[in-house]
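S.K.: Got a structure for you, written out below as structure tokens; questions coming shortly.
The values are calculated or read from the model by the stated rules, or taken from the named source; none is laboratory data. Please read these numbers as outputs of a predicted model, since none were measured by experiment. Cβ atoms come from the backbone with ideal geometry, glycine included; neighbour counts cover every protein chain shown. Remember, those area values only see protein heavy atoms, side chains included, never the ligands or the DNA or RNA. Shrake-Rupley method; radii C 1.70, N 1.55, O 1.52, S 1.80 Å.
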Amino acid sequence: MKKNKLLIVLLVLLAIIVLCGAAAGFGYYKYQKTYDAIGEEIIPDDTIFVAETELSPAEARWRVTVYDGFFGKVLGIAGLPTDKTVDAIYELAEIDLGELGEAPYALTAQYRSRNALYTAYLTKDNTEMMLSGEDVLSADDEIALMLEAGTYSLRIESLTDFEKFGGTLTYRCSFSIKDPPPPPPTLVPGKLELEQGEILSFKLLNIPEDITPTISTGLGMAVWAKAGERDWFAAIPIGPAREPGTYNVKISAGEIEYDGTVTVLAYDFDFQDLTVNYGSANVAEATTATALQQYREKIPPLWKTYDEERYWSGKFIRPVEGGYVGTEFGEHRITNGDPSTMRYHYGMDIEVDTGTPIHAPNAGRVVLAEMLLNTGGTVVIEYGGGLKSYFFHMSQIDVTAGDMVAQGDVVGLVGNLGYSTGPHLHYEMRIGDQAVSPSMLFDDGAGLYSADK
Ligand SMILES: [Zn+2]
């Protein structure tokens, strides 16, 4: 009897042990153990290629069910060896693929596997982004990305969920994409045969940031204005009084050394005999010593100034609508039949009613906005590189020095103030102290634009 009792006690203990074991088995997904060998034929033979290099898994979390699902165990393995031997464990973390190429770089990754689903994450500058979800990536799929320059790491998780075992394999690799070589420095000359009143222009592209280009020419003031991060623009005026002939231009900008010639052709300017009534009040007031002194103090000093930034772009528009040109740019003008009064007319006189709005012909910075005795309401706009518009005889000024204006903005109204014989807008375009033809700038073919295309 005692032996039977002992046997019953032993059987009960055995049952308890078995049940506890089973309970532990049901909790397998919380139980994790690192195995030092993978003897169980459970790792699927996935193949992942990134940029044509085959990756080995860097990490695995694998679950195996045993005893027909009654028990299970989890394998958490870092550095899963490719040959599945003990020695290679922990050696594989992230595969450095090195520098793959130049931006923009087309990265491809291919998956070849049984039934696995993939999620890929790309990290650049500490920002991780999921490339594709499980719903779009499947076995025998691939990703193709256009990448900019930078240092990247790519993590691909392959998820398998088989009936008897499943889990994730993680593949890691890092690589970098370098910047493409900068485009070569280039000089783009504009039209090299020009008439008096036209504008010679040059454009420099892709100039290294530590280089400031220089330009020298017998044609007068020439300055470079920045036209972009690595681009520069120079406009050189051919004034109406410029002697026809051949002129030299030298440009230096790093590896660019340009030594060329420009041909200036004569333009047949009109002749005008202007009748001015010196007895009239406004003409008398506009020509006093004080008025002329004020003009000399305000206007010619602006000829030497320029902004290095280029504000203008595209074609210049007409400053006023309607009217007609009473006196063209460059006309040889004498006053009251006296040849000794001969001078060039440096602007274009647009005869139009007082009160007509005057629009900024292009984007720029207002450098002067004042009522002056000689020129009446006066506004000067700098477009960059010393290219400026001068508006005279205005009845009203609607801008202030320092204002930035956009093309088409109203800067004031046409008038008849100062040395003026009737309502009109005197519209003058200058680069430095040389006047250029304003009407040529209404035409796409103007020298100013020829280096800008
Ligand atoms: Zn005029």
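S.K.: How would you order 185-198, 401-414 from highest to lowest mean count of nearby Cβ atoms within 10 Å? All intermediate terms of the calculation are to be shown ahead of the outcome.
M.R.: Details: 185-198: 19.1, 401-414: 16.9.
Put in order of decreasing packing, that is 185-198, 401-414.
S.K.: Heavy atoms of the protein only, probe of 1.4 Å, neighbouring chains included. What is the accessible area of residue 49 in Å², nearest 10?
M.R.: Its accessible surface works out to 60 Å², give or take rounding.
S.K.: Probe radius 1.4 Å, ligands and nucleic acids left out: which of 268, 273, 231 has the largest accessible area, and how do the rest follow? Each step should come with its number before you reach the end.
M.R.: On the way: 268 135, 273 80, 231 40 Å².
Per-residue accessible area, sorted high to low, gives 268, 273, 231.
S.K.: Given R₀ = 22 Å, FRET efficiency for residue 288-residue 334 by Cβ-Cβ distance, to 0.05?
M.R.: 0.50
S.K.: OK, next. For residue 149 and residue 416, what is the calculated FRET efficiency with R₀ set at 60 Å and r taken between the beta-carbons, to the nearest 0.05?
M.R.: FRET efficiency, residue 149 to residue 416: 0.45.
S.K.: With every protein chain present, what accessible area does residue 95 have (1.4 Å probe, heavy atoms only), rounded to the nearest 10 Å²?
M.R.: 50 Å²
S.K.: Turning to a different aspect of this structure: Excluding ligands and nucleic acids, what accessible area in Å² is computed for residue 444 using a 1.4 Å probe, to the nearest 10?
M.R.: Spelled out: residue 444, probe radius 1.4 Å, area about 90 Å².
S.K.: Quick one: length gained pulling residue 216 to residue 321 fully straight, 0.36 nm per residue minus the C-alpha distance? Let's see the in-between values first.
M.R.: Details: separation 105, 0.36 × 105 = 37.80 nm, distance 3.83 nm.
Full extension of this stretch gives 34.0 nm more.
S.K.: Separation between the residue 4 and residue 268 pseudo-spin-labels, each 7 Å from Cα along Cα→Cβ, expressed in nm?
M.R.: Distance between the two pseudo-spin positions: 14.3 nm.
S.K.: If you put +1 on each Lys and Arg Cβ and -1 on each Asp and Glu Cβ, how big is the dipole of segment 186-265 around its Cα centre, in Debye rounded to 20?
M.R.: Here segment 186-265 has a charge dipole of around 160 debye.
S.K.: A further question follows. State which entries of 203/388; 226/304; 191/226; 226/315; 178/250 exceed 27 angstrom in Cα-Cα distance in the structure shown.
M.R.: 178/250
S.K.: Taking 0.36 nm per intervening residue step and subtracting the Cα-Cα distance, what contour gain separates residue 174 from residue 121 on full extension?
M.R.: Numbers: separation 53, 0.36 × 53 = 19.08 nm, distance 1.17 nm.
Working it through step by step, the gained length comes to 17.9 nm.
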